[in-house]
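Report on the following structure.
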Amino acid sequence: MKKKLLAVLLAASMTLSLAACGGGNDTKGGSESESSNAGTEQSAETEKESSSEEAEAPTEEAAADPSNGELVDGKFAETRKIVVEVYDRGNDGGSDPTNNMYTKYIQDGMMERYNVEVEFKGVSRWTEVEDINNLLAAGDAPDICVTYSYPTIQTYAAMGGVQDLSGYVEDYKELLPNLWDFLGETNIYWDKEPSTGALYAIEARRASTNRIATFVRRDWLEKLNIPEPTTRQEFEDMLIAFRDNAETLLGADADKMIPFSISYDVGWRAATIIESFRDPDITDRENYINGFDDRGITQEGTKEAIRLLNKWYNDNLIWKDFALYGSGDTTEGDLQKSGYVGAFIGNWDDPFRNGEDSVQLNLERLVSPDAAYIAVDCFEDSKGGYTKYAYGSTDRKIFFPTTNDEPLASMLYLEFITTPEVIEYLQIGDEGVTHNKLEGGAVEVIAATGDAIQNSGFNLDYTITCNGLQLVDDEATKKSIAYSYSGIAPELIEKADKVANTDARSSKNVQVGTIEAEEGIGTALGEKRDIIYDNAVIAPVDSFDQVWDDGVADYLKSGGQAIMDERAEKWVATYGDVDMLPE
């Protein structure tokens, strides 16, 4: 009954706000979204009260149950069942994300330890917000949901669709020792609402905060006798050399030369450039006020970074078709694997991911055993350093829809998959199948086949409380990082790890409560932002200023300015005139 009632209420709310929350290609602005949210305010409040009352119902029903609705000798007296979201990345040749050796390991472990049956529900990694919207509106969302977008959770919470987890993490604390030990108060309470104490999400922890790096073809540098670039100008000179020596580097395929590749998501794929134009002494206050968009479109310095990309594009140094291929498309990766791309920016381990189908191993097979991408630091900031933003300690956000009527079983699931031995198994699998033990204690990942294939790095789609290698033994973890990418030379990993950490800075946690202006417009603003970036990069040089200024003005008018204004107001209300928060 609860699922049916919530589905009706959310479906009505979603009909009004879906465009702002990621429906199709609609890019309507924030003003319409705010009007729609206002129209559902009363029903949302009513549903919150209803959901709160119903959330207590299982406890009342449990009073008549011999087990008191909880555990007998560590297990539920009667089998419980939960559904858990897992990302479907659509990997060619990958394993079924809902049915493989890792899902079976989790299912067997949860049944044996807690008498809980687990079912996995696939959600596309590339359309996760839209998919979860649809599932929630239909009352069919998994009991345990995962997203990278906290504003998305806030939108659901405002409509009464998300449970307050504060009582669960505190009341069940004794049953969750591994969860509390690994995440700690910082990650568990990261999203706690300061005024109400509500906790709508638990933040996973990044075991590694490495975020991004710049990669260049080492074999091309050697062939043209060019040293590794260490400055912005040297990087540009290198791109020019690639362009002007296409026949030397590619022979009959010279017309396929791409000196520098980016994607439609310019804000991410040019991050090391954009961040080098930012003031390295930027205050926490300014970083937060302009930080709703993690692609930095409203940060000071971003415009000049994109002006540089515009110049390179018009000088034929950037892939001409970058804006044509959207999320999940493999065209750019295929060009990298085929050896046509000289440089790019991406995840710190991007060329080494995906096992046998990695960019690096394909390069070696298709081009030359000597072909390789190496990480470089070459975008200096105003002080001569290489400031780049690393991830903070937080990662994905885990939340329970109000349709979840098994909160204890769900919390025990989080406890189970945060057990050190469970994390280690999910990350490295079976010895001789997915990894080998090396002398000195390091673990070397080896190529897997069939159900043993991991669709995501270190199986992070199952270790939803942990992102990054985290073996039981900390020393073994450190030794294993360089060997954790099947078939990749350890020195390539070590160099990328070093570059990703050089002058890296993390944003601090700002707890000022809900920013109402952010609710429901994150996806729409993100799509608008991508279009602004793309159009500015490909514009004629003499049109750049107008294209950029008009685009940003539209972004601000569509909700961006309202978000920044509310962030500024709530910063002052919470912290006063302080510009920097304590470490």
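Quick look at the values:
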| quantity | calculated |
| --- | --- |
| Of the criteria (1) β-branched (Val, Ile, Thr); (2) within 22 Å of the chain's Cα centre (by Cα); (3) part of a loop (DSSP other than H, G, I, E, B); (4) more than 18 Å from Asp534 (Cβ to Cβ), which one Thr272 fails | (3) |
| Per-region count, segment 250-285, residues touching a residue at least 40 places away in the same chain (Cβ under 8 Å), farther than 24 Å from Trp348 by Cα and open to solvent by 20 Å² or more (accessible area, probe 1.4 Å) | 5 |
| Matching residues in segment 223-236 - criterion: being open to solvent by 80 Å² or more (accessible area, probe 1.4 Å) and free of Cβ contacts under 8 Å to residues at least 24 places away in the same chain | Asn225, Pro227, Gln233 |
| Residue in segment 300-318 that is modelled with pLDDT under 95 and either outside any loop (DSSP other than H, G, I, E, B) or surrounded by fewer than 17 Cβ atoms within 10 Å (Cβ to Cβ) (or both) present | no |
| Neighbours by Cβ (under 9 Å, 6+ apart or cross-chain): first from segment 89-117, within 12 Å of Ile417 (Cβ to Cβ) and without any contact (Cβ under 8 Å) to a residue 40 or more places away in the chain; second of a type outside the set (A, V, I, L, M) and open to solvent by 70 Å² or more (accessible area, probe 1.4 Å) | Gln107/Glu117; Gln107/Glu119 |
| Test: Glu491 is of a type in the set (D, E, K, R), assigned to a helix (DSSP H, G or I), open to solvent by 10 Å² or more (accessible area, probe 1.4 Å) and more than 18 Å from Ile106 (Cα to Cα) | yes |
| Long-range neighbours under 8 Å by Cβ, at least six apart or interchain, first residue more than 24 Å from Asp191 (Cα to Cα) within segment 500-515, second of a type in the set (A, V, I, L, M) and not in a loop (DSSP other than H, G, I, E, B) | Ala500/Ile212; Ala500/Ala213; Ala500/Ala375 |
| Test for Asn362: is it over 18 Å from Phe235 (Cα atoms) and under 23 Å from the mean Cα position of the chain (by Cα) | no |
| Filtered residues of segment 347-364 (kept if out of contact with any strand residue (DSSP E or B) (no Cβ under 9 Å at 6 or more places or on another chain), within 13 Å of Ser486 (Cα to Cα) and among the charged types (D, E, K, R)) | Glu356, Asp357 |
| Residue in segment 479-488 that is among the aromatic types (Phe, Trp, Tyr) and without any contact (Cβ under 8 Å) to a residue 60 or more places away in the chain present | yes |
| Qualifying positions in segment 518-530 - out of contact with any Phe, Trp or Tyr (no Cβ under 9 Å at 6 or more places or on another chain) and in a helix (DSSP H, G or I) | Thr523, Ala524, Gly526, Glu527 |
| Test: residue in segment 507-519 that is more than 30 Å from Gly441 (Cα to Cα), open to solvent by 50 Å² or more (accessible area, probe 1.4 Å) and in contact with a strand residue (DSSP E or B) (Cβ under 8 Å, 6 or more places away or on another chain) | yes |
| Residue ID - surrounded by the fewest Cβ atoms within 10 Å (Cβ to Cβ), chosen from residues in segment 185-216 that are farther than 14 Å from Gly392 by Cβ and among the polar types (S, T, N, Q) | Ser195 |
| Condition broken by Val472, with the remaining ones in (1) part of a loop (DSSP other than H, G, I, E, B); (2) within 30 Å of Asp370 (Cα to Cα); (3) among the β-branched types (Val, Ile, Thr) satisfied | (2) |
| Looking only at segment 456-466, and only at residues there that are open to solvent by less than 20 Å² (accessible area, probe 1.4 Å) and at pLDDT 95 or above, the one that is nearest to Glu356 (Cα to Cα) | Asn459 |
| Matching strands (runs of 3 or more DSSP E) fully within segment 319-409 where at least 3 residues are within 28 Å of Tyr156 (Cβ to Cβ) and open to solvent by less than 20 Å² (accessible area, probe 1.4 Å) | 394-399 |
| Among the residues listed as Glu583, Glu569, the single one being surrounded by fewer than 15 Cβ atoms within 10 Å (Cβ to Cβ) and either assigned to a helix (DSSP H, G or I) or at pLDDT 95 or above (or both) | Glu569 |
| Residue among Pro142, Pro177, Pro229 that is touching a Phe, Trp or Tyr at 6+ places or on another chain (Cβ under 8 Å) and modelled with pLDDT of 95 or more | Pro229 |
| Residue check for Ala241: outside any loop (DSSP other than H, G, I, E, B) and open to solvent by 10 Å² or more (accessible area, probe 1.4 Å) | yes |
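Table: residues versus (1) of a type in the set (Gly, Ala, Ser); (2) in contact with a Gly (Cβ under 9 Å, 6 or more places away or on another chain); (3) at pLDDT 95 or above.
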| site | (1), (2), (3) |
| --- | --- |
| Ala371 | yes, yes, yes |
| Arg396 | no, no, yes |
| Val422 | no, yes, yes |
| Gly440 | yes, no, no |
| Ile446 | no, yes, no |
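The values are calculated or read from the model by the stated rules, or taken from the named source; none is laboratory data. For clarity, every value in this text was computed on a predicted model and none was experimentally measured. Glycine gets a Cβ as well: all are built from the backbone with ideal geometry, and neighbour counts include every protein chain shown. Note: areas computed on protein heavy atoms with side chains; ligands, DNA, RNA excluded. Shrake-Rupley method; radii C 1.70, N 1.55, O 1.52, S 1.80 Å.
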